[in-house]
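Student: First the structure, which I've put down as structure tokens, then a few questions once you've had a look.
Just so you know, all these numbers are worked out from the coordinates, no wet-lab data involved. This one's a predicted model, so the numbers in the text were calculated from it and none came from an experiment. A quick note on method: Cβ atoms are made from the backbone with ideal geometry, for glycine too, and the neighbour counts reach across all protein chains shown.
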Amino acid sequence: MTRTMDPRVKKIFKGIFVAEVFGLFGVYVLFNKMNTNQDFRQTMSKKFPLILEVYYKSVEQAGMYGIRQQDQEKWLNSKN
């Protein structure tokens with residue numbers, strides 16, 4: 001005895017799956033841009049400081065330290 005899913009349920013699951021794939025892709029693109037572009041991180045610090053803080057924490061969890069300090073030094077030097 002096999003059960004088949006209601007077509008509406010299939011559509012809902014498919015929609016959720018597609019939304020998750022797009023979300024993961026967006027997170028990857030954002031992380032990659034923050035990881036390679038210090039000026040973009042400065043923009044993020046002004047507009048979305050919470051997202052930048054999450055980036056710093058995740059990078060530090062991965063064992064790469066000093067990015068936050070490099071950014072702060074550059075931004076302080078650029079103000080002077």
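Student: Please enumerate the residues belonging to region 34-55 that are surrounded by 14 or more Cβ atoms within 10 Å (Cβ to Cβ) and of a type in the set (D, E, K, R).
Tutor: If the condition is that a residue be surrounded by 14 or more Cβ atoms within 10 Å (Cβ to Cβ) and of a type in the set (D, E, K, R), then 41 is the only one that fits.
Student: Given the conditions (1) surrounded by 13 or more Cβ atoms within 10 Å (Cβ to Cβ); (2) outside any helix (DSSP H, G or I), and given that residue 3 satisfies all but one, which numbered condition is not satisfied?
Tutor: Just one mismatch for residue 3, condition (1).
Student: Additional query: Could you run through region 58-68 and say how many residues are exposed (fewer than 10 other Cβ atoms within 10 Å of the Cβ) and part of a helix (DSSP H, G or I)?
Tutor: Residues that pass the stated criteria total 1.
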